Each structure stands twice: as structure tokens, then as C-alpha cells.
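Read through the structure below, which is laid out as C-alpha cells, and then see the notes.
Read-outs: derived from the displayed coordinates by stated rules, not from any lab. No experiment lies behind these values; they were computed from the predicted model shown. Neighbour counts run over all protein chains shown; Cβ positions are idealised from the backbone, glycine included.
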Amino acid sequence: MIIAAIFAGGNGSRMGNSNLPKQFLMLGTKPILVHTVEKFLIHPRVERVIVLCPRAWMSYTEDLLVGTGVPVLEGGETRNGTLQNALDYTAAAFGTQEDHILITHDAVRPFVTQRIIGENINAALEHGACDTVIPATDTIVQSEDGVYIFTIPERRTCYQGQTPQTFRTNKLRKLIESLTDTESEILTDACKIFSMRGEPVAMVQGEIHNIKITYPYDMKVAQALLGIHLEEAEAQ
Amino acid sequence: MINVLYRLTAPGMIELACEEQAMPVDQVLLRPVLLSICKADQRYYQGQRSPEVLKAKLPMALIHECCAEVVNDPRGELPAGTLVVPVPNLPTQIDPYIAENYLPASKFRSSGFDGYLQEYVYAPRDHLVCAPRNTLPEVSAFLELISVSAHAISRFERIAHQRRERLAVWGDGNVGYITALLLRAFYPNAELIVLGTVFEKLSLFSFADRRMHVDDVRTKNLCDHAFECVGGAGARAAINQMIDVIAPEGALSLLGVSENFVDINTRMVLEKGLRLFGSSRSGTADFARAAEILERDPHVGQALERLVAQVVRVRSIADIHKAFALDAQQNFGKTVLEWQI
């Protein structure tokens, strides 16, 4: 079974003057989260969609998704916690068959395409795990102390991670169980768990327009992508 | 739903556009699977239309030939995954005398509005047909073109007199091939003559009784009725030759698109009492007729498989450019896009 878990964990602190978490802000005529959920609901290969969000926003999310049949679950304290909740739910609701695939995706990336989703499914079935990436266009610099550059990796080896990230659920569960407490604390990315344990993570080509709407600037870009003019956006 | 469209913004320039689209409850949501490039698309892509036309129509997503998969049918009549072929002509009114493809108010994909270079498309339930069974989906991708020939033949059947013993097709390109093939299927006992200018292409018309170079026509009484599938710069010579060699009272079906005004020998048209009629595009009934003959006669499907010149996998805008470039080099056959974007 192919299950998509939409992570709507934002608490809405970076979007300026709104207290509304960013996944609930309107983009065009609908909240960002609804656009994102729709992309998965209409994908021919995705069989179930679930949404995970902070406890305080669960009923709000349920109201937005009423009639879609999408269950809303409580997210965790961290991204890993949310991932664990998604895994627990899928095990309880759909069993632990070997061919279960979990697609995890940021609620604030509504421009994900059906190709990206389809290729995630293919890559996870073939390799066990995959990450959606685009080649880095800026030079990436690494610093340990935030003051001096520690190293500058060669750009052609650098990619920017997007979502979805997709996994065979049993394999992911097994790897998470193998983590020590210290490892759990520092591992904020599920794909990193695979790499750290020497498991392959395939790369799926993302899209430049598969942006994450985090800052007010991103919202303006998202509105421009949808052809919404500035005056219309301000009226919303 | 946020849909992604790939629009031609200027000749040779394709840009991505995202659009928020409402989900109409009375339409079927489709995912294009295989697309096919038409000459009309190439003319837009290469900027061979007038600047006024380009200015009026662009930006616009190209392609009006496609085979698609049902994603969601709100009524539940078509299961998800069903292969269908949507009709690109979308009428906005019904007229008792004028067919939907001739109504000026009708919209046509990749001409008046966005074509199938999109992530998802909606189609009215009465404007799609199921992809014919036992047919390669790559052939279903250009069922629209097949339906155009079916439409011309249906009009011929209404207009032409009943002596249909010798039928001739001018044109050794894709439209000529399909029209001749359908005539063979619908009129197995008629003598089918195909006329062209390239021997190599003519040799592909193995199902015709006679294949002739246009320079080798000696008789003044070649056929009862004729179909012109030449268009372009060759339309003038072809139509006038047809007028010369068709029997009196014959029907002359014009299918070829030309950007030029074409001089024709009206004196001879009058003298022979000929009936010239044009055909353009098609409607749902023509799609159904084309699908029906493909299902009924496996030879038609096999002969159309030979028309699939190349299949190009498309995952990015660069691949779309590649497909159009490869198609431009192809002087016979169809370029099919495996739409994986």
C-alpha cells in the first residue's frame, strides 16, 4: 500500500504578523495545506493520505479537510516524532506488510508534481528509500562555529533537499528502532538515518518550483507562480 | 487543485505555469499519458503562424492529440486508470445544422485555449471515448487525427453520389495514409488509388490498389471521388490535378491545411459539376467511429502502428524541446510523447 503522510507541523512563527501556522494561510482560494493534500489525493498510485499536525490545530485541520476522508493525527515534538507517529498509525491501521511505502511530504510544498510523487514511489520500491533533490545553484559553505568557513564542498556534488522523502515502512521502522537516544536527538532528517546506517537513498529529481513556503517572501513567490497579482494577494 | 501547465510563450520558448483550478463535479479528471505532436503544434512552436495569430493565442499549452488515464470520475462511471481519449473540440452551444467542430463558438485545445501539455486536464464526460481495445496506446495517442479522417469520410458519405468504385487520395503524408487506410476498411471493394510525390513514402501504402507519382497520371478519368490530404504549398497543384482527373459529378474532399490562398480551376469545377467540400477537425461521434474501426479490424491498428515514428520520454521542459526538434526532422509518421513530467 502506498501511504502519503503530510507533515503540517508548523506553528506559524516565521510568517510575520499572522498567528496562523503557515500551512493554513490562503494561497489563491484555499489554504496551502488543502492544495498539498489534493495533489496526493488525486495521484492515481497513492492509496491513503494522512495529515499530522500539532495537537492544538487538529480540529482546525479536520474542519479544513472535512469530506475528504483524510485522517488528522497528532504530530510529535520533533520531525522524527511526527515520523514515528505516522509509522505507528500506518502499522495499526494498515498492517506491516513488506510492500508498504510511506511518502512523507511538507504541507507547505503545494507545488509538488505528480511526476515527483510517482518517481518517489518507484525509487522507494526499488531502493528502499529516496529523497527529492535539485542540484545546488549557490555554492554551499559549511561552518562549525558560524563565524569561519570550515569547508566548501564542490558544488557539483551538492544538492538541495526538498520533499517528498519516501521509504519502505518496515525498513524505516527497523532503522529508527536501532538509533541510540543521542542519535535520535541529532537526526532531524529521515534520509540521514538510512545513510548513517549505510543504506542506499536514491535521489529523485525535484523541481525548482517545488518551493517550501516558509517566509513571507516565499508566499509572494508562490502567489506569483499562481499568477496572482500583488493587489489580489494583498486583498486576500 | 494546483495544476502545472507547460505553455508556449513565444516560438521555441516553453515556460511552466501553475494555475489554481476548480474541480468541476460534472467533468472527468484525466492524467495525460501519451501525447502526439500535430503539424499545427509545430507551426506554433516554430513561429510559422502570422505575428497577429501568435500574439492573440500565446501563451498557450500545445498539443491536442492525447491518450489519458482517468484519475477521478465524480460519478464513478469510469474507474480510475481507464485509458480514454479526450475530444479537444469543446462546443459551447448546440446547433441542429452545424456540427460542433464548425461552430465558431467552440473551443479547440492548443488553438483557442490550453492543450494537453499539462499535469492534469478536465474533460466533459460526453467529450471523451474509451481508448480502443486491442490497440497500442501509442496509436490511441493520435486517435484525434484518425477521427479527422473518419469525419471527412462521414461527410463524404453524406455528400457524394453512390458510385464509389474508384476512390483516390492525394497526399503521401500522415493524413493521406490514415484517410486511405480508413477508406480501405470502409470500402474494401472499391479501387483505392493513392497519389504522392515521394516513392519511398508511397511504398508504405501497401493496402492501396494503386500507388502513383503525381507526375505519372495520364488519364482524365481516374476516380469517382477524391480526397485531398496535401495542404501547404502543394495544395494548389494537387487540387487542380484532382479537378482535372476526377469523373464528372465527383465529390472532392479537402483536408489539407494551407496558410496560402489557393487558386483553383473553377471553370472545370463548373463544367464537371463537381462538389468541393472542406473538412476540419472532428467531434465525439468521429472519435467513436475511429475507435470502433480500430476495435473491429486489427489490420487497421497494425497499419497505424507503422505510423509511430518515435516515442520520446518527457520528464522536463528540455525533453519537450527535444521532442519538437526530433519531430521537425521527421517527414513521415508521428512523434509520440511519453508524458512523465
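For this structure, a couple of remarks:
- Highest mobility in the GNM of chain A, judged by mean-square fluctuation with C-alpha springs under 10 Å and restricted to A:LYS174, A:LYS39, A:LYS212, is found for A:LYS174.
- FRET efficiency, 1/(1 + (r/R0)^6) with R0 35 Å, evaluated for B:ARG236 and B:ASP95 via beta carbons: 0.65
- Ordered by the count of other Cβ atoms within 10 Å of each Cβ, fewest first, A:TRP57, B:TRP339 give A:TRP57, B:TRP339.
- Of the residues A:MET196, B:VAL217, B:LEU136, the one whose Cα sits farthest toward the positive end of the charge dipole of the protein assembly as shown, with +1 on the Cβ of Lys and Arg and -1 on the Cβ of Asp and Glu, is B:VAL217.
- A crude spin-label estimate for the pair B:ALA325 and B:ASP209, with each label 7 Å from Cα along the Cβ direction, gives 4.7 nm.
- A Förster distance of 25 Å, applied to the separation of the beta-carbon atoms of B:GLU165 and B:GLN42, puts the FRET efficiency at 0.10.
- Normalised contact order of chain A, rounded percent, pairs of Cα under 8 Å and 6 or more residues apart: 23
- Here A:VAL70, B:VAL175, B:VAL25 are placed in order of increasing Cβ neighbour count within 10 Å, fewest first, which gives B:VAL25, A:VAL70, B:VAL175.
- Spin-label pair B:SER280/B:ASP26, simplified geometry with 7 Å Cα→Cβ offset, distance in nm: 2.7
- Antiparallel content of DSSP bridges confined to the protein assembly as shown, in %, to 5: 50
- In units of the rule-of-thumb radius 2.2 N^0.38 Å, chain B shows an alpha carbon radius of gyration of 0.99.
- Relative contact order for segment A:124-236: 32 percent, from Cα pairs under 8 Å spaced at least 6 residues apart, divided by residue count.
- Which of A:MET26, A:THR90, B:HIS161, positive extreme of dipole for the protein assembly as shown (C-beta unit charges): B:HIS161
- Size of charge dipole - chain B - debye, nearest 20, with Cβ of Lys, Arg +1 and Asp, Glu -1, no other charges: 560
- Rounded to the nearest 20, the size of the Cβ-charge dipole of segment B:123-175 about its Cα centre is 280 debye, with Lys and Arg at +1 and Asp and Glu at -1.
- Spin-label model, B:ARG313 to B:LEU270: label points 7 Å out along the Cα-to-beta-carbon direction sit 6.2 nm apart.
- Per-residue [θ]222 nm for chain B (sum of -39500 (n - 2.57) over DSSP H runs n ≥ 4, rounded to 500): -8500 deg cm²/dmol
- Only one residue of B:CYS18, B:THR197, B:THR179 has its Cα farthest out toward the positive end of the dipole of chain B, where Lys and Arg carry +1 and Asp and Glu -1 on Cβ, and that residue is B:THR197.
- Gaussian network model of chain B, springs between alpha carbon atoms under 10 Å - residue of B:HIS64, B:HIS151, B:HIS161 with greatest fluctuation: B:HIS161
- Put a plus charge on the Cβ of each Lys and Arg, a minus charge on the Cβ of each Asp and Glu, and nothing anywhere else: the dipole of chain A about its Cα centre is then about 340 debye.
- Least to most buried among B:PHE261, B:PHE186, B:PHE156 (fewest other Cβ within 10 Å first): B:PHE261, B:PHE186, B:PHE156
- Structural descriptor for chain B: relative contact order 18 percent, calculated from alpha carbon pairs under 8 angstrom and at least 6 residues apart.
- Among A:ALA92, A:ALA129, A:ALA202: highest mean-square fluctuation, GNM of chain A, C-alpha pairs under 10 Å: A:ALA92
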